[in-house]
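The structure appears right after this line, and notes come after that.
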Amino acid sequence: MGRATSVPDLCEDAERLAAGLVERKGSEEGQVTIFMPNCPLAITALLACLAAGYAPRLLDPRAALNDLKPQFADIEEGDLILTVDLSAVQDRLLSVLPEGRQPEVAVARFASQMPFFQRILAPYLRGGTFSRVPAHSAFYRLDKLMGKSGQMTPALSSESEIVVSSGACSLSALVEEAGAQAQSRKGQCWLLDQPLTRRDSLIAVLAAMRKGAELVLSPRLDEDSLKKVEAAAKADLRVPGTRT
């Protein structure tokens, strides 16, 4: 993303979001879906959902619409979608939401992930990719959902689950595999080369956090973009490493 985010900063943002999710959970017990490209915001959202006692579902905005539509078919009122204000992501989300149903959609500012000067200039560049929150009663800024640090006790347990593209997986199993991977993986700068919606991607993220390695995230996962990011970041290796 071009901007470094420390694990303590991620955890602080996640704690604030979790506090807001817990407050919301008092009135709404619906499912939470994270619909974001690879970026620190997605990890923040994931940690917050787990801390608030949800079993978050991760869906890939890059997936084919024919694959996404069935996954959104069970969306109901009271459910929550966490997403970002990239135009491409917003357009795909609006095209797959079922008619006649109105989940809540909290929209994070993607530009917050960028360095200061890039954040200022990006909306004015040719082909700018940012959009406003749609004029739709279900959509609002994620900022409104944020609570305050220290307002809650995390609801994490060995029973906590995350729903990924291959199905539900337990957090305890992911953490165990991440610990083993942190010991076996070399290098101090890793590039994640596939969507966060995969089980092995989550293991790699947790392994990097456990090892203290720098994890490089790119919203674009085509090979040309990955090569540029890999060279710019001087990454030691790609994880999970299933692509060459």
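Starting from residues that are open to solvent by 60 Å² or more (accessible area, probe 1.4 Å) and either modelled with pLDDT under 75 or more than 13 Å from PRO103 (Cβ to Cβ) (or both), keep the ones in the stretch 130-145 and report whichever is nearest to the chain's Cα centre (by Cα).
Only one residue fits best here, namely ASP143.
Test each condition in (1) aliphatic (A, V, I, L, M); (2) crowded, with 18+ Cβ neighbours inside 10 Å; (3) farther than 26 Å from ARG199 by Cβ for LEU94 and report the one that comes out false.
Failing condition for LEU94: (2).
So, in the stretch 62-98, exactly how many residues are modelled with pLDDT of 90 or more and on the phi > 0 side of the Ramachandran plot?
0
Would you confirm whether any residue within the stretch 112-121 is modelled with pLDDT of 80 or more and β-branched (Val, Ile, Thr)?
Scanning the stretch 112-121, I find no residue that is modelled with pLDDT of 80 or more and β-branched (Val, Ile, Thr), so the answer is no.
Of the residues that sit in the stretch 27-54 and are in contact (Cβ under 8 Å) with a residue 60 or more places away in the chain and over 15 Å from the mean Cα position of the chain (by Cα), which one is farthest from LEU215 (Cα to Cα)?
GLU28
Would you pick out the residues in the stretch 215-244 that are open to solvent by less than 40 Å² (accessible area, probe 1.4 Å) and polar (S, T, N, Q)?
Hits for the stretch 215-244 are SER218, SER225.
Let me confirm something: among ARG243, ARG210, ARG238, which residue is assigned to a strand (DSSP E or B), modelled with pLDDT under 95, over 15 Å from the mean Cα position of the chain (by Cα) and basic (Lys, Arg)?
The conditions single out ARG238.
Can you tell me which residue among ARG3, ARG57, ARG62, ARG24 is open to solvent by 30 Å² or more (accessible area, probe 1.4 Å) and either over 15 Å from the mean Cα position of the chain (by Cα) or closer than 18 Å to ILE162 by Cβ (or both)?
ARG3 is the lone residue from the list that is open to solvent by 30 Å² or more (accessible area, probe 1.4 Å) and either over 15 Å from the mean Cα position of the chain (by Cα) or closer than 18 Å to ILE162 by Cβ (or both).
The values are calculated or read from the model by the stated rules, or taken from the named source; none is laboratory data. Keep in mind that what you see is a predicted model, and the values were worked out from it rather than measured. Here the Cβ is made from the backbone with ideal geometry for all residues, glycine too, and neighbour counts use every protein chain on show. We work out accessible area using only protein heavy atoms, side chains counted, and drop any ligands, DNA or RNA first. Shrake-Rupley method; radii C 1.70, N 1.55, O 1.52, S 1.80 Å.
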